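Derivation of every value follows stated rules applied to the coordinates shown; laboratory data play no part. These figures come from a predicted structure and were not determined experimentally. No Cβ is skipped: glycine too gets one built from the backbone with ideal geometry, and neighbour counts run over all protein chains shown.
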Amino acid sequence: MLLTPRELEIFIDRALEEDSVGADVTTSALIPSHLEARASLIPKEPGILAGLDVAAAAFKRVNPDLVFTQKLLDGDRVEGGEIVAIISGSMASILTAERTALNFLQRMSGIATLTDRYVQAVDGTTASITDTRKTVPGLRLLDKYSVSIGGGRNHRMNLTDGVLIKDNHLAALSGEGVSLSQAIKRARARAPHTVKIEVEVETIEAALAATAAGADIVMLDNMSPSEMRNAVDQIAADCVVEASGNVTLENVAEVAQSGVDLISVGALTHSVRALDISLDYETNNA
């Protein structure tokens, strides 16, 4: 995991507090405290698992006496109907923790599954799939961990991880008469020497200018595959080339065939569909 045990505990505590698990009026009213059960985590569709450790921690945060037995691990491919884990112990505690644990596991597995589909789509090319900062606020570490489990790479974790000069930065500087080349040189002079300089461009001319000014990475934004191929032919020897903008499963292979090094896909985290996973119960005693 990208998280320390304390960071994971904070994530889970926030989620459990949001659900007011200490005041589960339904479970308190209906479920006897002595009732125990076994519950199986079962996906209803194929996918890539991610977040099992998080789900386990959520159950055990509600009740440390619950036993969480994993049958599979993060990164494993799973078929619909396959048992991935079993939780046993207090039925009241399992019911109280169920939604929070599933929310984490379903979303994280959905991200890993979608990432894997993109990675498989570009197999055989030199391109790597990477995420963006378009994550759920507060859940970035979990979102990006899930991308890595699905075989993708992580772009910037936060704003300290590198200089990324985008169109709005250039628009803000245009009032001062600062050109793209001058902006790159300013960033190089002022940013720490340990960080790389990336520039978002929308034309081949801008890509050439960015490369000439010393950009380490050039992001080709919303270009057609033919434009990308043209740009790659001219700049790939001098910088890393990234493609971004309107990338879908339907067109990602064509984008990869342009020869770019990286393909950043915001959809991996900003509009992912959760993997359908249910919790099935078996009462042990009455």
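Structure values in brief
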| read-out | value |
| --- | --- |
| Whole-angstrom gap from region 7-29 to region 178-194, using each part's C-alpha centre | 47 |
| Candidate aspartates and glutamates - alpha carbon under 13 Å from Lys134, same-chain residues fewer than 8 apart omitted | Asp143 |
| Stretchable slack from Met157 to Ala171, in nm (0.36 nm times residue separation minus alpha-carbon distance) | 2.6 nm |
| 0 to 90° range, to nearest 10: angle between helix 225-235 axis and the chain longest Cα axis | 60 |
| C-alpha center-to-center spacing [region 36-55, region 83-104] in angstrom | 9 |
| Size of charge dipole - the chain - debye, nearest 20, with Cβ of Lys, Arg +1 and Asp, Glu -1, no other charges | 600 |
| C-alpha long axis of helix 140-149 to longest principal axis of the chain, angle in ° | 90 |
| Under 5 Å, built H, 5+ apart or other chain: amide partners of Ser128 | Leu262, Ile263 |
| Global form of region 1-134, assessed from the alpha-carbon gyration tensor, a/c cut-off 1.5 | prolate |
| Residue-by-residue Karplus 3J(HN,Hα) for region 245-257, coefficients 6.51, -1.76, 1.60, Hz, glycine and proline x | x, 6, 8, 10, 4, 6, 10, 5, 5, 5, 4, 4, 5 |
| GNM top mover of Ala57, Ala171, Ala236 - the chain, alpha-carbon springs below 10 Å | Ala171 |
| Asp65-Asn222 FRET efficiency (beta carbon distance; Förster radius 41 Å; 0.05 resolution) | 0.15 |
| Percent of C-alpha pairs per 5 Å bin, region 119-270, short to long | 2, 10, 19, 21, 20, 16, 9, 3, 0, 0 |
| Of Leu8, His34, Thr96, farthest towards positive along the dipole that unit charges on Lys, Arg, Asp, Glu beta carbons give region 4-98 | His34 |
| Among Val78, Val25, Val147, residue whose mean-square fluctuation peaks in a GNM of the chain (springs only between Cα atoms under 10 Å) | Val25 |
